[in-house]
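**Q** Encoded as structure tokens, here's the structure I'll be asking about.
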Amino acid sequence: MSYRTFKLSRRQLLKMSAGVGASTLLTPPLYANTVDTQAHIVIIGGGASGMAMANRLARRLRGGTITLIEPSETHHYQPGWTMVASGVWPAAKTMRSNAEFVPQGINWVRERAAGIDAQNRRVELANGERLNYDYLVVATGLQLNYHLIEGMSPELVGQHGIGSVYASIDAAAKTRQTIKSWIDSGGGQGLFTMSPTAVKCAGAPLKMTFTTLSHLENSGRRSAFDVDFMAPGSVLFTQPWINDFVKQRFDQQGVNRRHFHRLVAIDPRARQAEFLLEDSDSGERVTRDYDFIHVVPPMSAHDFVKESDLIALDGPHAGEWLNVDIHTLQHNHYPEVFGIGDVIGAPINKTAASVKAQAPVVEENLIAVMQGKEPPARHRGYTSCPMITGIGKAMLVEFGYEDNFAFMPSFPFIDPKDESWAVWVMKDRMLQPAYYAVLEGQA
């Protein structure tokens with residue numbers, strides 16, 4: 001398939017990014033008629049996926065009760081955390097009040113979920129209370145398992161040369177300061193890691209490497225720094241052409257690629273990291289000194305989801321992710337349960353762009369099930385990653401379950417295989433308002 005691309009001038013793109021509304025970035029939904037119900041729908045999680053579902057269902061359903069379980073008063077725009085860790089955005093730009101997005105008329109429970117009893121259709125809260133449901137939307141996001149790396153905890157980010165963009169917005173800001181301190185020191189060894197598990201925003205470990213390389217090159221002392229990228233396998237990105245691009249670019253920029261190296265332990269005070277050699281039958285380990293290390297932890301569904309009957313019991317997602325049909329997003333054994341967002345067991349899909357594609361599917365299929373019908377809508381696995389390849393340039397990578405180019409590009413003036421300043425401007429200025437439109441159920 002070929003694409004016709006159009007070039008925009010710097011002035012045109014800046015004008016567009018300054019004046020465009022989120023409604024022009026994302027196709028507005030076609031709202032169907034409201035549906036009468038007496039059902040109680042519980043949504044666990046008020047992140048991008050849970051908030052999008054709360055707004056969609058509040059608009060679509062008449063009668064009944066919608067309960068949103070979300071303890072946090074603050075909504076975090078997590079796609080912006082790499083921008084914070086790269087020194088481009090202030091941390092405050094990524095935070096807004098959840099009250100701005102919670103729709104009127106729903107029951108907002110400001111408490112953590114602690115258990116799911118799928119047999120009895122009940123959710124247990126951390127305070128001991130129980131909520132019964134008729135239908136359940138699991139939008140819990142995922143769990144960061146730093147504890148699976150011996151010696152590591154999120155509290156260490158910002159100390160002993162340790163960075164990790166995933167831990168929190170505070171950790172993202174501390175990661176930026178830690179990178180700056182390493183560069184200001186004049187030289188040394190940097191290690192950038194990947195997780196052996198699926199992670200949210202799979203491009204983030206690569207983005208952090210590329211933006212750090214930009215800072216190193218701009219320092220005028222690039223040759224004084226050794227940069228190693230430690231990958232637990234042979235692949236750096238699931239899509240083959242992006243994988244090939246990243247490998248070639250790392251080689252060009254003097255990054256030492258260390259494949260089949262999985263981070264298993266860290267000694268913060270000694271500034272040493274231990275890696276299991278995944279291609280060794282003997283379980284061989286190697287220890288590497290570092291001056292800076294970017295840690296990407298293993299990830300999974302939250303423990304209370306893993307301990308429930310909703311978790312996958314076999315296949316590649318067994319014991320780790322929610323057991324859903326990857327096309328209908330309906331649970332494979334409990335038809336009244338749907339999953340959305342990072343928690344689902346799927347080969348791809350842990351991005352905010354995936355939520356945009358999944359939300360209308362969950363809405364239509366949940367309402368169909370409420371009416372005694374079969375789920376009609378199908379999710380094709382759409383996801384996208386604005387792959388930052390340096391400060392001021394990026395690629396808009398879009399793909400799905402079946403084909404690297406199963407989808408026409410969202411922006412016809414951008415070639416998906418080209419690095420461009422235009423995609424950087426989108427990431428920097430345009431995607432955040434589009435994201436908030438998804439939360440509000442407007443896209």
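Only the coordinates and a few stated rules stand behind these numbers; no lab work does. Just so you know, these numbers come straight off a predicted model, no measurement behind them. FYI the Cβ positions are ideal-geometry reconstructions off the backbone, even for glycines, and counts take in every protein chain you see.
**Q** Tell me the label-point distance for the pair M95, D184, using the 7 Å Cα-to-Cβ offset, in nm and rounded to one decimal.
**A** Distance between label points: 2.3 nm.
**Q** Among DSSP bridges having both ends in the chain, what percentage is antiparallel? Round to the nearest 5. Don't skip to the answer; put the middle values down first.
**A** Values: 34 of 68 bridges.
Within the chain, antiparallel bridges account for around 50 percent of the total.
**Q** Over its Cα atoms, what ratio of radius of gyration to 2.2 N^0.38 Å does the range 93-196 give? Before the final figure, lay out each step's value.
**A** On the way: Rg = 19.7 Å, N = 104, 2.2 N^0.38 = 12.8 Å.
In units of the globular-protein estimate, the range 93-196 measures up at 1.53.
**Q** What full-extension length gain, to one decimal in nm, is calculated for R257 and D281 as 0.36 nm per residue of separation minus the Cα-Cα distance?
**A** Taking R257 through D281 to full extension adds about 6.6 nm, to one decimal.
**Q** Once both labels are modelled 7 Å past Cα along the beta-carbon direction, what's the D134-K417 spacing in nm?
**A** Spacing of the two 7 Å Cα→Cβ label points: 5.2 nm.
**Q** Another question, if that's okay. Once amide H atoms are built 1.01 Å from N in the peptide plane, which residues 5 or more positions from S300, or in another chain, come under 5 Å H to H?
**A** Q143, N145
**Q** Also, I was wondering about something else. Please identify which residues in the range 343-366 have an amide N closer than 15 Å to a label point set 7 Å out from the Cα of N332, following the Cα→Cβ vector.
**A** Taking a point 7 Å out along Cα→Cβ of N332, the residues of the range 343-366 whose backbone N falls under 15 Å are 344-348.
**Q** Counting pairs of alpha carbon atoms under 8 Å apart in space and at least six apart in sequence, what relative contact order in percent does the chain give? Don't jump to the answer; show the numbers that get you there.
**A** Working: 928 pairs, mean separation 83.2, N = 443.
Across the chain, relative contact order equals 19 percent.
**Q** Also: Sequence-distant or interchain residues sharing an amide H contact under 5 Å with T193, placed H: which?
**A** It is M230, H294, V296, by chain and number.
**Q** In nm, to one decimal, how far is the A265 label point from the N120 one, both placed 7 Å along Cα→Cβ?
**A** 4.4 nm
**Q** How do 120-127, 151-158 rank on mean C-beta neighbours within 10 Å, highest first? Before the final figure, lay out the partial values.
**A** Numbers: 120-127: 15.0, 151-158: 18.6.
Most protected by this proxy first, the peptides run 151-158, 120-127.
**Q** Still on this model: Compute the helix-to-body angle for 48-60: its Cα long axis versus the longest principal axis of the chain, expressed 0 to 90° and rounded to tens.
**A** Helix 48-60 and the main axis of the chain meet at about 20 degrees.
**Q** Using θ = phi - 60° and the Karplus curve 6.51 cos²θ - 1.76 cosθ + 1.60, what whole-Hz ³J(HN,Hα) does each residue of the range 214-225 get, with Gly and Pro shown as x?
**A** Per-residue couplings from phi come out as 4, 5, 5, 5, 6, 6, x, 10, 3, 5, 7, 10 Hz.
**Q** Towards the positive end of the charge dipole of the chain, with charges on Cβ (+1 Lys, Arg; -1 Asp, Glu), say which of N127, S168, V137 has the farthest Cα.
**A** Selected residue: S168.
**Q** Here is a follow-up. Work out how much length Q38 to D314 would gain on full extension: take 0.36 nm times their residue separation and subtract the Cα-Cα distance, in nm to one decimal.
**A** 95.8 nm
**Q** Stick to Cα atoms and the Kirkwood definition of Rh, then tell me Rg/Rh for the range 241-328. Display every interim value, and only then the final one.
**A** Working: Rg = 17.8 Å, Rh = 16.4 Å.
Ratio value, two decimals: 1.08.
**Q** From Cα pairs below 8 angstrom and at least 6 apart in sequence, can you work out the relative contact order of the range 130-239, rounded to a whole percent?
**A** About 22 percent, as a whole number.
**Q** Go ahead and set up a Gaussian network model of the chain, Cα springs under 10 Å, then flag whichever of V362, V109, V295 fluctuates most.
**A** V109
**Q** What lysines could a cross-link reach from K350, if we take a straight Cα to Cα line under 23 Å and drop same-chain neighbours fewer than 8 places away?
**A** Straight-line reach from K350, under 23 Å: K93, K200, K207, K247, K306, K393, K417, K427.
**Q** Looking at the range 203-322, what % of its DSSP beta bridges pair antiparallel, to the nearest 5? Write out the running numbers ahead of the final one.
**A** On the way: 12 of 16 bridges.
Roughly 75 percent of the DSSP beta bridges within the range 203-322 come out antiparallel.
**Q** Run the numbers for E73 and S234: contour at 0.36 nm per residue of separation, minus the present Cα-Cα distance, in nm. Walk me through the numbers before you get to the answer.
**A** Values: separation 161, 0.36 × 161 = 57.96 nm, distance 4.08 nm.
That pair, E73 and S234, stretches by 53.9 nm at full extension.
**Q** While we're on this one: Mind pulling the per residue volume of the convex hull built on the Cα atoms of the range 333-443? Å³ is fine. The partial results should precede the final answer.
**A** Values: hull volume 13.3 nm³, N = 111.
Considering the Cα atoms of the range 333-443, their hull volume per residue is 120 Å³.
**Q** Where the centre of each part is set by its Cα atoms, how far does the range 202-256 sit from the range 374-397, in angstrom?
**A** If we compute the Cα centre of each part, the gap is 20 Å.
**Q** Let me ask something else. Of all beta bridges DSSP finds with both residues in the range 49-204, what is the antiparallel percent, to the nearest 5?
**A** On the way: 10 of 13 bridges.
Percentage antiparallel, nearest 5: 75.
**Q** Using every alpha carbon pair in the range 143-261, what percent of pairs falls into each 10 Å bin from 0 up to the bin containing the largest distance?
**A** Binned Cα distances yield the sequence 12, 45, 36, 7.
**Q** Under 8 Å for C-alpha pairs, at least 6 residues apart: give me the relative contact order for the range 310-442, rounded to a whole percent.
**A** For the range 310-442, the relative contact order is 16 percent.
**Q** Can you give me the angle between helix 169-184 and the longest principal axis of the chain, using Cα atoms only, in degrees from 0 to 90, rounded to the nearest 10?
**A** 10 degrees
**Q** Same structure again: Can you give the FRET efficiency for D289 and E402, using 1/(1 + (r/R0)^6), R0 = 45 Å, r = Cβ-Cβ distance, to the nearest 0.05? Don't skip to the answer; put the middle values down first.
**A** Numbers: r = 44 Å, r/R0 = 0.98.
With R0 = 45 Å, the Cβ-Cβ based efficiency is 0.55.
**Q** Could I ask something else about it? With θ taken as phi - 60° and the coefficients 6.51, -1.76 and 1.60, list the Karplus ³J(HN,Hα) couplings across the range 116-124 in order, rounded to whole Hz; mark glycine and proline as x.
**A** Computed from phi, the couplings for the range 116-124 are 10, 9, 5, 4, 9, 6, 9, 10, 9 Hz.
**Q** In whole Å, largest first, what are the principal axis extents of the Cα atoms in the range 301-391?
**A** Principal extents (largest minus smallest coordinate, Cα): 51, 28, 20 Å.
**Q** Using the crude model of +1 on Lys and Arg Cβ and -1 on Asp and Glu Cβ, and no other charge, please compute the dipole size for the range 315-443 relative to its Cα centre, in debye to 20.
**A** Values: 9 positive and 15 negative charges, 46 e Å.
So the magnitude is around 220 debye.
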